[in-house]
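Here's the structure, in structure tokens; my notes come after.
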Amino acid sequence: MSFRFDVVTLFPELIEPYVAGSILGRARKAGLIEVGSTNPRDYAEDRHRTVDDAPFGGGAGMVMMPEPLFQAIEAVRAAHRPARVILLSPGGRLLTQDLVREYAALGSLCLVCGRYEGVDERIAEHVVDEQLSVGDYVLTGGELGALAVIDAVSRTLPGVLGNAVGAEEESFTGVSLLEHAQYTRPREWRGHEVPPVLLSGDHAAIARHRQEEREARTRSRRPDLWARYRGAGDDEAPSNGKTT
Ligand code: 9D3
């Protein structure tokens, strides 16, 4: 059974090229995923096909009207019965790999993209199942968020990554620590050498080097992840043996 994604968006032309041009295109050809788009503008009620209006109470910008968005979501529900309807919104909960795994188990998703200053709150409150943000920065609309969800969910599905090791490794390591550095040929590039231990053939030493690098990087770049990693298990005698 293939995983079905439906994207509700005023800009369906933004979705297809990324899907077609990435590993998702291969997954689709292999019958592992399907991606559809539905445009709320097709459900506008006036001859100008209006989908936005000024905010009640005043303020800058425009708000997406509820009815065209609702009709588009209902059309997707009727046609494809998505397991969950998710509104991409800067005010939603943050996307994490744990959430990606939860979504991957559902089999189908409808991803609703806002534009302008946002969507009418009654859609957020009464129509969708949840709201999701992809990070604490401001995007122009939900489309990049929807693509992030499609990409992250798809790569967890069996068979999507050609090499099964990648998927297994990823799901196993999750994001508890940052990755170690990677190098390929040449062994000296513009005066910069590959760390000699990687050329030593000593697999235990290589594993140790990489683990130390992951910890050092995580500590300096992602103190939030480092605190969780260090705190995993017993808080007075960490099972990972780290004391700094
Ligand atoms: C002035 C207040 N802005 C909220 C931070 C208004 C606003 C800006 C940008 C409302 C919507 C948007 C469009 N962004 C998204 O639809 C969006 C988003 C994002 O901006 N950041 C991270 N994740 C997401 S998911 C959808």
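Is it the case that Ser2 is in contact with a helix residue (DSSP H, G or I) (Cβ under 9 Å, 6 or more places away or on another chain), modelled with pLDDT of 95 or more and surrounded by 15 or more Cβ atoms within 10 Å (Cβ to Cβ)? Judged against the criteria, Ser2 is not a match. Do we find that Thr156 is open to solvent by 40 Å² or more (accessible area, probe 1.4 Å), within 14 Å of the ligand (Cβ to nearest atom), within 29 Å of Arg26 (Cβ to Cβ) and assigned to a loop (DSSP other than H, G, I, E, B) in this structure? No; evaluated as a whole, the condition is false for this residue. Selection of region 110-128 for residues being within 12 Å of the ligand (Cβ to nearest atom), assigned to a loop (DSSP other than H, G, I, E, B) and either open to solvent by less than 100 Å² (accessible area, probe 1.4 Å) or among the aromatic types (Phe, Trp, Tyr) (or both) yields Gly114, Arg115, Tyr116, Gly118. If you go through region 80-99 and keep only what is open to solvent by 70 Å² or more (accessible area, probe 1.4 Å) and away from the ligand (no atom under 16 Å from the Cβ), you end up with His80, Arg81, Asp98.
For region 40-57, indicate whether the set of residues that are at pLDDT 95 or above, in contact with a strand residue (DSSP E or B) (Cβ under 7 Å, 6 or more places away or on another chain) and in a helix (DSSP H, G or I) is non-empty. Taking every residue of region 40-57 in turn, at least one turns out to be at pLDDT 95 or above, in contact with a strand residue (DSSP E or B) (Cβ under 7 Å, 6 or more places away or on another chain) and in a helix (DSSP H, G or I). Go through region 60-71 and give me each residue that's open to solvent by 60 Å² or more (accessible area, probe 1.4 Å) and either closer than 12 Å to Gly118 by Cα or not assigned by TED's automatic domain parsing to the domain that holds Asp129 (or both). Passing the criteria: Ala60, Met62.
The values are calculated or read from the model by the stated rules, or taken from the named source; none is laboratory data. Only a predicted model underlies this, so the values are computations on that prediction, with no experimental measurement involved. Methodologically, a virtual Cβ is constructed for each residue, glycine included, from the backbone with ideal geometry; neighbour enumeration extends over all protein chains shown. What goes into the accessible areas is simple: the full protein's heavy atoms, side chains included, and nothing from ligands, DNA or RNA. Shrake-Rupley method; radii C 1.70, N 1.55, O 1.52, S 1.80 Å.
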